[in-house]
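Only one structure is covered here, and it is reproduced in the block below.
The values are calculated or read from the model by the stated rules, or taken from the named source; none is laboratory data. These numbers were taken from a predicted model, which means no experiment stands behind them. Don't worry about glycine lacking a Cβ; one is built from the backbone with ideal geometry, like all the others, and counts go over all protein chains shown.
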Amino acid sequence: MTTATVGVVIVAAGTGSRLGAELPKAFVSLGGSSILQRALDPVLGMSEPVQIVVVAPEDQLALAQDQVRAAAGAAIEYTSVVAGGATRQSSVAAGLDALWPDVGVVLVHDAARPFAPTALFEAVVARVRASSQGVIPGLPVADTLKRTDDDVALDTVDRSVLSAIQTPQGFPRVELTEAYAAATEDYTDDAAVFAAAGHTVRVISGDALAFKITTPWDLRRAQALVEPAIIGSRSGIGIDIHAYDESVPLWLGGLHWPDEPGLAGHSDGDALSHAICDALLSAAGLGDLGSRFGTTDPRFANAHGEVFLRATIELVAGAGFAIENVAVQVIGNHPRLAARRGELEKHLSDVVGAPVSVSATTSDGLGFTGNGEGIAAIATALLSS
């Protein structure tokens, strides 16, 4: 039986009048897909199965179901579409009513924020589970703020105590449902409903990609992300090194290698996948694996290399780049890659969405790889924009 302990309610029931489009905002085309379909992508990329409830306008349910089916593919059994209400608050309430009994953590997300990355969803889930409180992402306010009376600037507001709040917003399911049932007025977001019921709401770091599409200018900004100007190719290089650790299994290139010593590390030590991540981030000018997914982040403890790959691919795509190809070479005495090279290349190519070639060599008994202390991987990546 299909089940999940996390539910994501995606609110797509607004008319989007400020966008000036013929269709409701969630169904407006954005680079060949609708805004709704793009909002589903990061949720479907989460590392655990989640229930997805899309709340759509009542007169657009069939269109919403078609788009959800196209985006979800084989994960369609985890999705449903329900009709929204006259207000955002009533629409969220309808989504909450559709959650499965096993769901204990619920995230509410605006479809109008289609580029919110998977890592942001998972960070909210992790913090809700750790705190049993409300959790919302926010960004520091950069502009100077003035309190005004008509066109008169009265005084400056201290921006250091302010945050620009985004979605997804996460909550313990029971407390949020009770808060909605007790609400006596309409609030601007779910955190306000939750706080009005006497509960605590925590703010975590948001993401600039989680901006909201409200006006035609916002839509043009979104189009620039998915339809960038052609400026040529960019290449990057990545290197990763891990020592052997016989107490853990070996994961390399996203595959399990039985009867081989594993690799030490905060995650599963998949040096091959990590090198590819660094090469992709380098080519896109997005830093490196350590700065993006630090070893102090508990979300990535014992995480498989494929988790990092998918998160990296999302960052690269969000920056407007397409992956053309990746080449990676593993240096070490074992495992012997030749027998599984085809399987390895197919698996990585499927994950990356572009050709990945894998080669292997030894260091002729020299250095730590030659002494059998660990392995190194060197990757190069080519991106286009």
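Filtering region 13-54 to residues that are over 16 Å from Leu219 (Cα atoms), part of a loop (DSSP other than H, G, I, E, B) and not acidic (Asp, Glu) leaves Ala13, Gly45, Met46, Ser47, Pro49, Val50.
All told, Val141 falls short of being within 30 Å of Ala224 (Cβ to Cβ) and either in contact (Cβ under 8 Å) with a residue 40 or more places away in the chain or not assigned by TED's automatic domain parsing to the domain that holds Phe194 (or both).
Rundown of residues vs (1) part of a loop (DSSP other than H, G, I, E, B); (2) over 14 Å from Val55 (Cα atoms); (3) of a type in the set (A, V, I, L, M, F, W, C), yes/no style:
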| position | (1), (2), (3) |
| --- | --- |
| Ala93 | no, no, yes |
| Arg113 | yes, yes, no |
| Ala119 | no, yes, yes |
| Ala123 | no, yes, yes |
| Val128 | no, yes, yes |
| Asp143 | yes, yes, no |
| Lys146 | no, yes, no |
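Across region 324-345, what is the total count of residues that are assigned to a loop (DSSP other than H, G, I, E, B) and among the charged types (D, E, K, R)? Within region 324-345, residues that are assigned to a loop (DSSP other than H, G, I, E, B) and among the charged types (D, E, K, R) number 1. Annotation note: Cβ proximity below 8 Å between a residue of region 341-357 that is closer than 16 Å to Arg310 by Cα and a residue that is basic (Lys, Arg) and in a helix (DSSP H, G or I) (sequence gap 6+ or interchain) occurs for Val351/Arg310.
Anything in region 1-33 that is closer than 24 Å to Ala93 by Cβ and among the small types (Gly, Ala, Ser)? List them, or say none. Hits for region 1-33 are Ala4, Gly7, Ala12, Ala13, Gly14, Gly16, Ser17, Ala26. Determine whether region 173-195 contains at least one residue that is in contact with a helix residue (DSSP H, G or I) (Cβ under 6 Å, 6 or more places away or on another chain), buried (at least 16 other Cβ atoms within 10 Å of the Cβ) and part of a strand (DSSP E or B). Within region 173-195 (the criterion being in contact with a helix residue (DSSP H, G or I) (Cβ under 6 Å, 6 or more places away or on another chain), buried (at least 16 other Cβ atoms within 10 Å of the Cβ) and part of a strand (DSSP E or B)), the answer is no, since none of the residues qualifies. The residue of region 246-260 that is nearest to Leu344 (Cα to Cα), among those that are aliphatic (A, V, I, L, M) and assigned to a strand (DSSP E or B), is Leu255. With the condition kept exactly as written, say whether any residue in region 327-338 is buried (at least 18 other Cβ atoms within 10 Å of the Cβ), farther than 15 Å from Leu272 by Cβ and not assigned by TED's automatic domain parsing to the domain that holds Gly45. Checked region 327-338: no residue is buried (at least 18 other Cβ atoms within 10 Å of the Cβ), farther than 15 Å from Leu272 by Cβ and not assigned by TED's automatic domain parsing to the domain that holds Gly45. One residue stands out in region 50-83 among those that are among the polar types (S, T, N, Q) and under 22 Å from the mean Cα position of the chain (by Cα): the one that is modelled with the lowest pLDDT, namely Gln67.
Considering only region 358-380, state which residues are touching a residue at least 12 places away in the same chain (Cβ under 8 Å) and more than 25 Å from Gly236 (Cβ to Cβ). Within region 358-380, Thr362, Gly370, Gly372, Glu373 meet the criteria.
The criterion of being aliphatic (A, V, I, L, M) and part of a helix (DSSP H, G or I) holds for Val351. Please indicate, with yes or no, whether at least one residue in region 7-18 is touching an Asp or Glu at 6+ places or on another chain (Cβ under 6 Å) and either in the same structural domain as Gly170 (by TED's automatic domain parsing) or farther than 25 Å from Glu314 by Cα (or both). Within region 7-18, one or more residues are touching an Asp or Glu at 6+ places or on another chain (Cβ under 6 Å) and either in the same structural domain as Gly170 (by TED's automatic domain parsing) or farther than 25 Å from Glu314 by Cα (or both).
On the stretch given as region 71-91, residues that are touching a residue at least 40 places away in the same chain (Cβ under 8 Å) and either assigned to a helix (DSSP H, G or I) or at positive phi (or both) total 5.
For the residues Ile76, Ile35, the requirement of being β-branched (Val, Ile, Thr) and under 18 Å from Glu314 (Cβ atoms) singles out Ile35.
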